[in-house]
Amino acid sequence: MSLFDSPFFQDAYAQLESAGGIMKMDPNVLERLKYPKRALQVSVPVRLDDGTVKVFEGYRVQHNMTLGPGKGGIRFHPHVSLSETAALAMLMTFKNSLVGLPLGGAKGGIKVDPNDLSRAELQAMTRRYTTEIAMIIGPDKDIPAPDIGTDGQTMAWMMDTYSQLNGYAIPGVVTGKPIAVGGSLGRAESTGKGLAYCVNFAYAHLGKQITSSTTVAIHGFGKVGIPAANDLYAQGAKIVAVSDYTGGIYDKKGLNIHSVVEWVKQNRVLKGYPEADAITNEELLALDVDVLAPAAIDGVITKDNMKNVKARMIAEGANGPLTKEAVEYLTAKGVFIIPDILCNAGGVVVSYFEWVQGLQAFFWDLDTINKKLHDILKLAFDRVVDTQRKHNCNMKQAAFIASLDRLQGAMRLRGMWPG
Ligand code: NAD
């Protein structure tokens, strides 16, 4: 098993090299950024409900901690691997730097399908995993958050386990917690809200406005896709299609998002939703829409299907949904791409607010949180667009360059030990 095993890591690495080349980055800094600082692999034994013991494979990878403690989600998914986790940790470094947070990049996960486990098994697995990575996480070291397959309940179990190990409540060890145990208002919706803000910035940048004829398709209807759909729907956009791992639903007149969300609350999945036509995920990605938001997993638009894409704007809600090749091809075709490290940064920004509020034990109102989120993302969006113009590169390269510029400055100032 190596870092380079996954196409996702190879792609993130290639994007880094490409941006580093354009900005003529210090090769010594670039060399250091190609590798994670630290990667921990753990075995997570769990006694299943039938009395047998099963061991799951877990990871926590810290890519770079120059700007501050590590920050990044915990993923429970069958595809989790060292290589995928390292790629995601690398993207977190660049995301946190791009939006100006005093945080480094990290990511963790367990190779498991959480749908296969009972609640008791899930809790036991989460607690044992937390114990196994406890030596490298903490409010001053590395602060996990939810990602695919994890949620506020997972974070509450992690916070409780870490607190039990230390003998007192330590809410700052994770973010994305439920409000009752020190979570922040607005955190649950923040990634999707940030995506919707970015689509608005992009529309304004192109001299356009979102209207009732703006059509949107959203791939992935989870913690990112649902709030993004809610916000764009509230603004009057026509959400013509949404999908999850069971497939998609389509209505050319526009879906009633409230009714779809209610269906998913009752049935967990979109499959069977009665008031729209069924479509496949591949069909959704190929719809002729104004905005396509891939908000599920990485590697969904690649050289194999990029030529089918008809959307005019792509808002990368997921981490790495477009490969480097797809970004280049679609940019050349005139598609406006809002890169992942900008488009889905809303989650980590409000996680940062949660961490700060927790450390101060002083909590802010929702308007303050959303206003600060909006302003941070607007600043980052403007920096990316300015960088894109300056280097005449694509938006993905621009986002990486804007991020690497700040990170490189900090890495040079701190230097390397031993020199
Ligand atoms: P989630 O588990 O809440 O939702 C994922 C959604 O994608 C679900 O609807 C699932 O059914 C669907 N999905 C999974 N595999 C699919 C497939 N092969 N085809 C179509 N749909 C599929 O996860 P999430 O937190 O919404 O995360 C989604 C993406 O956004 C991930 O790439 C994650 O890393 C990224 N992200 C999440 C956050 C956050 O705050 N949750 C922040 C930044 C980035």
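Details
- Yes/no for A295 being away from the ligand (no atom under 11 Å from the Cβ), closer than 22 Å to N256 by Cβ and either of a type in the set (K, R) or in contact with a strand residue (DSSP E or B) (Cβ under 8 Å, 6 or more places away or on another chain) (or both): no
- Checking each residue in the range 133-149 for being touching a Lys or Arg at 6+ places or on another chain (Cβ under 6 Å) and open to solvent by less than 10 Å² (accessible area, probe 1.4 Å) picks out I133, I143.
- Residues of the range 57-82 satisfying the condition of being farther than 17 Å from T126 by Cβ and open to solvent by 10 Å² or more (accessible area, probe 1.4 Å): N64, M65, T66, L67, G68, P69, H79, S81, L82
- Where a residue in the range 164-179 is free of Cβ contacts under 8 Å to residues at least 12 places away in the same chain and its partner, wherever it lies, is within 16 Å of the ligand (Cβ to nearest atom) and not hydrophobic (A, V, I, L, M, F, W, C), with Cβ under 9 Å and at least six apart: I179/G152; I179/R187
- Filter pass, A278 being assigned to a loop (DSSP other than H, G, I, E, B) and either among the hydrophobic types (A, V, I, L, M, F, W, C) or over 23 Å from the mean Cα position of the chain (by Cα) (or both): no
- For S212, the test of being out of contact with any Pro (no Cβ under 8 Å at 6 or more places or on another chain), open to solvent by 60 Å² or more (accessible area, probe 1.4 Å) and of a type outside the set (A, V, I, L, M) is passed.
This table checks each residue for (1) within 16 Å of the ligand (Cβ to nearest atom); (2) assigned by TED's automatic domain parsing to the domain that holds D290; (3) open to solvent by 10 Å² or more (accessible area, probe 1.4 Å); (4) over 20 Å from the mean Cα position of the chain (by Cα).
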site	(1), (2), (3), (4)
K177	yes, no, yes, no
A204	no, yes, yes, yes
I218	yes, yes, no, no
A234	no, yes, yes, yes
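- Conditions (1) more than 27 Å from G109 (Cβ to Cβ); (2) in contact with a helix residue (DSSP H, G or I) (Cβ under 9 Å, 6 or more places away or on another chain); number of the one not met by G138: (1)
- Considering residues of the range 127-157 that are outside any loop (DSSP other than H, G, I, E, B) and within 15 Å of the ligand (Cβ to nearest atom) only, the residue farthest from L67 (Cα to Cα): Q153
- Within the range 34-82, the set of residues being touching a Leu at 6+ places or on another chain (Cβ under 9 Å) and within 16 Å of the ligand (Cβ to nearest atom) comprises Y59, R60, V61, H63, G70, K71, G72, G73, R75, F76.
- So N267, is it within 14 Å of the ligand (Cβ to nearest atom), within 18 Å of I226 (Cβ to Cβ), touching a residue at least 60 places away in the same chain (Cβ under 8 Å) and not aromatic (F, W, Y): no
- Flag for V240 being closer than 24 Å to K193 by Cβ, without any contact (Cβ under 8 Å) to a residue 60 or more places away in the chain and touching a Phe, Trp or Tyr at 6+ places or on another chain (Cβ under 7 Å): yes
- Enumeration of residues in the range 236-251 that are over 16 Å from D288 (Cα atoms) and either within 15 Å of the ligand (Cβ to nearest atom) or crowded, with 18+ Cβ neighbours inside 10 Å (or both): D244, Y245, T246, G247
- Counted as qualifying within the range 323-363 are the helices (runs of 4 or more DSSP H) with 1 or more residues that are over 25 Å from A12 (Cβ atoms) and either open to solvent by 30 Å² or more (accessible area, probe 1.4 Å) or more than 16 Å from the ligand (Cβ to nearest atom) (or both), namely 346-360.
- Looking only at the range 28-56, residues that are within 20 Å of G105 (Cα to Cα) and either open to solvent by 100 Å² or more (accessible area, probe 1.4 Å) or not acidic (D, E) (or both) come to 14 in all.
- Residue match in the range 252-267 (condition: among the aromatic types (F, W, Y) and open to solvent by less than 20 Å² (accessible area, probe 1.4 Å)): no
- Within the range 179-198, tally of residues that are more than 16 Å from the ligand (Cβ to nearest atom) and assigned to a loop (DSSP other than H, G, I, E, B): 1
- Test: residue in the range 220-231 that is in contact with a strand residue (DSSP E or B) (Cβ under 7 Å, 6 or more places away or on another chain), open to solvent by 70 Å² or more (accessible area, probe 1.4 Å) and within 9 Å of the ligand (Cβ to nearest atom): yes
The values are calculated or read from the model by the stated rules, or taken from the named source; none is laboratory data. From a predicted model like this one, the values you see are computed outputs, not experimental measurements. In this analysis, Cβ positions are derived from the backbone assuming ideal geometry, glycine residues included, and neighbour counts consider all displayed protein chains. When the accessible area is computed, the model is the full protein with side chains, heavy atoms only, and any ligands, DNA or RNA have been set aside. Shrake-Rupley method; radii C 1.70, N 1.55, O 1.52, S 1.80 Å.
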